[in-house]
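Everything on this sheet refers to the single structure shown next.
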Amino acid sequence: MQLRKEAIISLHPDIVHRSEPFGGVLFNLETKAFHPVNEPGYRLIQLLDTHPSVGQLESKIQEWYTSALSQPIAEAQAEDICTMFLDELHHRQLIQGYPQEDEVRPPNPSTTASPLPAHLKLKAPLVVSLSTLFTCNLFCTHCYVGSTSEIRPDNFTVEELCQILTRLKELEVFDVVITGGEPLLLKGIFEVLQHAKSLGLYICLNTNGTIVTPRIAQRLRDIGVDCVKVSIDSANAAVHDRFRGQVGAFRRSMRGIAHLVRAGVRTDIHTVLSVESTGSEQDIDAMVTLAESLGVRKVHFGRLFSTGRGEDQQKIAQAHLLRLIDYLEELKMRNPLIGRTPSKSMPCVPSIPSYDGCGGCARGVYAYISYNGGVYPCTNLYKSEWLLGNLREQDFTGIWEHSPVLADLRTRLSTVSTSMGEAFHD
Ligand SMILES: C[S@@+](CC[C@H](N)C(=O)[O-])C[C@H]1O[C@@H](n2cnc3c(N)ncnc32)[C@H](O)[C@@H]1O
Ligand code: SF4
């Protein structure tokens, strides 16, 4: 294919990137897909930040190769390398402006995320879930935190939360999920969110939505929170209320979502697939219809994991769950409202029977910080045996680099094959 030399290429607006010891990593804030690249590739990625034309890219490639090989390379060779590079980025949905409009080809879904080889370590997680508060106004049957109405004396202070956010920014974490408990119950939550946004962090707030008023919605909008994700587990009010442990929760969450949408806050829904919430194709259809009627941007579906009160929950049988995931993946091709769906390849680790993760922790993709400073590899692994360290005693990097628990987990998981190339988190 002949590229137009004057065509301007840039990274897709959802793509962010940072350098890594092996080169760099790109991350899609919308899909949470990530892509490791080697050093020469990362130099080209950085060049894309300057919105170069194809001609300028080709010249740069010719210049770099000539200097690396200590002998000139032909213009045609530089053009071929450039085409290969742009082709790959286009197929991974990382760039815009290529190919030219009249040549648009559909992206190849199988290459939209790239697993991180086991020998490559990220310098810091891509996504961090930060639990701001243990306390909650609901009592969900599945809650991995085990939240109740209790106020825990060892809960983070607002000052501590702001310090942690500053550190996460220094570590170039791409995506911070503000969670709980119910984060909107935290006195000072707006100060925390304001601080995060003043640092330029991408912030998603997870909430049950029951206490969102028009004023709160407007505040979130003014602060510039990037996304508010409201948990709705069934389109059937009675089922949702039973799952969430409170009569009227569904009605209040619906009202909360309406306030958010009206205020112009990007609002998504998160639904847990389980026997007692959304567990069939019909339930999924009903949830999608509900989401459409509410005007939210996306509806995400997650699987139930066996942590906290989730341990006692009946799980959907594996074969049925795989069918539901197939169903969701097919729906997703037709309906852009469907956001993230569970991965089909959950590794089973015989040497760690209690392991209930997706394999991402082996690559250092996520971290979960509990309301009292505990650092865990993931929300799914929020159990005392997976505690890596505490931020009140140690800096994040010290924990991430030197925790023997994490080192052992990574070693054991390095033998497990996973197609993991996505990082999403609650
Ligand atoms: C712990 S809650 C905290 C934020 C807020 N209270 C809420 O409910 O959205 C964050 C998300 O985790 C989900 N969650 C809780 N326990 C879970 C479990 N055992 N398995 C899967 N998801 C779970 C909730 O449904 C919710 O979407
Ligand atoms: S899932 Fe959220 S709303 Fe439900 S009890 Fe846990 S923290 Fe509260």
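The values are calculated or read from the model by the stated rules, or taken from the named source; none is laboratory data. A quick note: this is a predicted structure, and the numbers were derived from the prediction, not measured. Quick reminder, even Gly has a Cβ in these numbers, built from the backbone with ideal geometry, and neighbours come from all protein chains shown. These area figures cover heavy atoms from the full protein model, side chains too; ligands, DNA and RNA do not enter into them. Shrake-Rupley method; radii C 1.70, N 1.55, O 1.52, S 1.80 Å.
For residues in segment 158-216 being assigned to a strand (DSSP E or B) and of a type in the set (A, V, I, L, M, F, W, C), which is farthest from residue 254 (Cα to Cα)?
Only one residue fits best here, namely 176.
Which number in (1) over 22 Å from residue 127 (Cα atoms); (2) within 15 Å of ligand 1 (Cβ to nearest atom); (3) hydroxyl-bearing (Ser, Thr, Tyr) marks the one condition that residue 267 misses?
The failed condition is (1).
Anything in segment 132-189 that is of a type in the set (D, E, K, R), within 16 Å of ligand 2 (Cβ to nearest atom) and touching a residue at least 40 places away in the same chain (Cβ under 8 Å)? List them, or say none.
Filtering segment 132-189 for residues of a type in the set (D, E, K, R) gives 150, 152, 154, 159-160, 167, 169-170, 172, 175, 182, 187.
Going one step further and asking which of them are within 16 Å of ligand 2 (Cβ to nearest atom), we end up with 150, 152, 182.
Those that are of a type in the set (D, E, K, R), within 16 Å of ligand 2 (Cβ to nearest atom) and touching a residue at least 40 places away in the same chain (Cβ under 8 Å): 152, 182.
Check segment 287-300 and report whether any residue there is within 16 Å of ligand 2 (Cβ to nearest atom), closer than 17 Å to residue 243 by Cβ, open to solvent by less than 40 Å² (accessible area, probe 1.4 Å) and part of a helix (DSSP H, G or I).
Of all residues in segment 287-300, those within 16 Å of ligand 2 (Cβ to nearest atom) come to 300.
Those still in the list that are closer than 17 Å to residue 243 by Cβ too: 300.
Pick out the ones that are also open to solvent by less than 40 Å² (accessible area, probe 1.4 Å) and you get 300.
Then drop every residue that is not part of a helix (DSSP H, G or I), which leaves none.
No, the conditions are met nowhere in segment 287-300.
Given 215, 244, 252, 219, which one is on the phi < 0 side of the Ramachandran plot, crowded, with 23+ Cβ neighbours inside 10 Å and basic (Lys, Arg)?
None of the other options fit; the residue is 244.
Among the residues that make up segment 334-356, is at least one of them of a type in the set (Val, Ile, Thr) and at pLDDT below 90?
Looking for residues that are of a type in the set (Val, Ile, Thr) and at pLDDT below 90, one finds at least one in segment 334-356, hence yes.
Residues being hydrophobic (A, V, I, L, M, F, W, C) and within 15 Å of ligand 1 (Cβ to nearest atom): count how many of those fall in segment 236-257.
Count: 6.
Being more than 16 Å from ligand 2 (Cβ to nearest atom), assigned to a loop (DSSP other than H, G, I, E, B) and open to solvent by 40 Å² or more (accessible area, probe 1.4 Å): is that true of residue 282 here?
No: the conditions fail for residue 282.
Being of a type in the set (A, V, I, L, M, F, W, C) and more than 19 Å from residue 340 (Cβ to Cβ) narrows it down to one residue among 258, 291; which is it?
After applying the criteria, what remains is 258.
Looking only at segment 188-229, filter to residues that are charged (D, E, K, R) and within 20 Å of the chain's Cα centre (by Cα); which one of those is farthest from residue 170 (Cα to Cα)?
229
Suppose the filter is in contact (Cβ under 8 Å) with a residue 40 or more places away in the chain and open to solvent by 30 Å² or more (accessible area, probe 1.4 Å); does residue 226 pass it?
For residue 226, the condition - in contact (Cβ under 8 Å) with a residue 40 or more places away in the chain and open to solvent by 30 Å² or more (accessible area, probe 1.4 Å) - is met.
Just to be sure I understand the filter: pairs with C-beta atoms under 8 Å, separated by 6 or more residues or on different chains, first member in segment 299-319 and polar (S, T, N, Q), second member not in a loop (DSSP other than H, G, I, E, B). Which pairs pass?
307/379; 307/380; 307/381
Exactly one of these conditions fails for residue 233: (1) near ligand 1 (Cβ under 10 Å from one of its atoms); (2) open to solvent by 10 Å² or more (accessible area, probe 1.4 Å); (3) assigned to a loop (DSSP other than H, G, I, E, B). Give me its number.
(2)
State whether the residues of segment 16-33 include one that is over 24 Å from residue 339 (Cα atoms), at pLDDT below 90 and open to solvent by 90 Å² or more (accessible area, probe 1.4 Å).
Within segment 16-33, the first condition is being over 24 Å from residue 339 (Cα atoms), and the residues that meet it are 18-24.
In the following step, the residues that additionally are at pLDDT below 90 were identified as none.
Within segment 16-33, not a single residue is over 24 Å from residue 339 (Cα atoms), at pLDDT below 90 and open to solvent by 90 Å² or more (accessible area, probe 1.4 Å).
Got at least one residue in segment 152-168 being at positive phi and surrounded by 22 or more Cβ atoms within 10 Å (Cβ to Cβ)?
Among the residues of segment 152-168, not one is at positive phi and surrounded by 22 or more Cβ atoms within 10 Å (Cβ to Cβ), which makes the answer no.
Against the condition touching a helix residue (DSSP H, G or I) at 6+ places or on another chain (Cβ under 9 Å), basic (Lys, Arg) and farther than 16 Å from residue 184 by Cβ, how does residue 242 come out, does it pass?
Criteria not met by residue 242.
Run down 149, 129 and say which single residue is assigned to a strand (DSSP E or B) and either open to solvent by 20 Å² or more (accessible area, probe 1.4 Å) or polar (S, T, N, Q) (or both).
129 is the lone residue from the list that is assigned to a strand (DSSP E or B) and either open to solvent by 20 Å² or more (accessible area, probe 1.4 Å) or polar (S, T, N, Q) (or both).
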